[in-house]
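Worksheet: the structure to be examined is printed underneath.
Derivation of every value follows stated rules applied to the coordinates shown; laboratory data play no part. All of these numbers come straight from a predicted model, not from anything done at the bench. Cβ placement follows ideal geometry from the backbone for every residue including glycine, while neighbour counts extend to all protein chains displayed.
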Amino acid sequence: MNNQILILWLVVLVFGPKVNLALELDRDIYFPGDVIRARLHAVSNKSFDMEELRIEFNCVSTLTYSVTVSEYDSEGEYTTYSRTYTDTKNLYNYRQQVYGKGKFPREGVSVELEIPIPVDAPPSYVGRTINTNWAIKAVINRRFRSDFTFEKPVYILSRYISSERFQPISFPFDFGDVVASVVLPKQVLQTGEVVPGEIHIMAKNEVSFNEVRAALCFVENINVSGVYRPIDTRYIDGSTIGESAKQIVVKDVKLYPGQERMFPFQLQIPSALISSASTPFYEVQWALKVTLSRRLRKDFNLNVPVLLVNQIQSQI
C-alpha cells in the first residue's frame, strides 16, 4: 500500500500540472493609504482542481536578539554563554479571493487587482534587531496537495499628513551653569531636506565649550513583554542607538556670566534614513541631539524629539 502511494506521488510530481505565477505592480514605492494596482498572471500546462485562487497582502516583523545564560555545566563549572533567538509577528493580514473552488481555467488567468494599504501601515524597516517586510502573495490552494505560490515584496514608506501650518518651536534646557535652547522651524522632519535651526546659550557662570555639535540620533525600542518570547529584559539589547547627519556647529566658545550667544546651523538630512515608526511591538524614535562639549568635564546634551518621515503631505 505504501509503495502504491509513493508511486502515485511520483506520478503527480512528474506528470502533474506545471504552473507559472507572476505579479506586476503599478509602481515600486507606496505610502500608507495608497491603493496597490496589480495584475496577476497565472498559466498552467493543464487544467486541475483547485480550492481557490487568492491574493494575500501581509506585513511580518522579525525580531532577532541574544540572551545571556549563566548556569552550571555537567562538571560543576559556572559558565556564561549567549543564545540567539528569532521571533516573528504578523502585523497585518489581508486576503482577497480571485477565483473560488473549481477547475483552473485552461486559458490561464490574467486579472487586475486593487489592494488597499491601511492608513496606519508601519513602514518597511531594516534595523539592528527588527526587520519589517511587506509582501503580496498569490496562492492557488489545492486540497491534499501542495499549493502553488508566488510572492512579491512591496516597499512602503512613511507619510505625515499636515492639516495646519508648521510653527517654529523652541526647546529650553537648564543645566545650572547655562540655560540653552534649540529652535527649529518644525518638529516633523522629512528625509532629504535641509533643516535650519538655532542654538541659544546664556551663561549663568563663566563657562567654556571646546565645540558645539549637532546630530540626528535614533533609538530602536523593543517591546518584549507579552509580545515576543517572555524573557528577562536585562538580557536583551532593547535599545540600539545610532547617529546620522553629524556636524560641528562651532568650536572654542567662552561665555561670561549674563552673556548670551546664538549659533545657527543647517541640518542636511540624508534621503536614505529609516523613518520614525510605532507598532505594538517596537518603536523607532528620532531626536536632534545638540552637544555642548567640555574638556575633562561632563557634556551638556540637548535632546529634542522629532518625527522623521519620508513624505510630508499638506492638506491646508
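Points to keep in mind about this one:
- The ranking of Phe104, Phe175 by Cβ neighbour count inside 10 Å, starting from the fewest, reads Phe175, Phe104.
- Gyration tensor (Cα) of the range 16-157, equivalent ellipsoid semi-axes in angstrom: 39, 22, 11
- With Cα atoms, 0 to 90° folded angle of helix 2-15 axis to the chain main axis: 70 degrees
- Sorted by Cβ neighbour density within 10 Å, fewest at the top, the residues Phe57, Phe173: Phe173, Phe57
- Computed from the Cβ-Cβ distance with R0 of 22 Å, the FRET efficiency linking Ala272 to Val67 stands at 0.10.
- Subtracting the Cα-Cα distance of Lys103 and Ala22 from 0.36 nm times their residue separation leaves 27.2 nm of extension gain.
- For the chain, a simple Cβ point-charge model (Lys and Arg +1, Asp and Glu -1, everything else neutral) yields a dipole of about 600 debye relative to the Cα centre.
- Using only Cα coordinates, the Kirkwood hydrodynamic radius of the chain works out to 24.3 Å.
- Working from Cα pairs under 8 Å separated by at least six residues, relative contact order for the chain is 18 percent.
- Extension gain, Asn131 back to Tyr155 (0.36 nm per residue minus Cα-Cα distance, nm): 7.4 nm
- Relative contact order of the range 16-157, pairs being alpha-carbon contacts under 8 Å that are 6 or more residues apart, as %: 36 percent
- For the chain, with +1 on Lys and Arg beta carbons and -1 on Asp and Glu, the positive-most of Leu255, Gln268, Val67 along the dipole: Gln268
- Spin-label model, Leu296 to Val111: label points 7 Å out along the Cα-to-beta-carbon direction sit 7.7 nm apart.
- Ordered by the number of other Cβ atoms lying within 10 Å of each residue's own Cβ, fewest first, Arg261, Arg159 fall into the sequence Arg261, Arg159.
- Farthest toward positive dipole pole in the range 160-314 [+1 Lys/Arg, -1 Asp/Glu at C-beta], among Val284, Val304, Thr191: Val304
- Chain lengthening between Tyr81 and Arg143 when straightened (0.36 nm per residue, less Cα-Cα): 17.7 nm
- Under Karplus coefficients 6.51, -1.76 and 1.60, residue-wise ³J(HN,Hα) of the range 157-174 in Hz, glycine/proline x: 9, 9, 9, 10, 9, 9, 9, 8, 5, 6, 10, x, 9, 10, 10, x, 9, 10
- The simple spin-label model puts a point 7 Å past each Cα toward its Cβ; for Val60 and Phe171 those points are separated by 3.7 nm.
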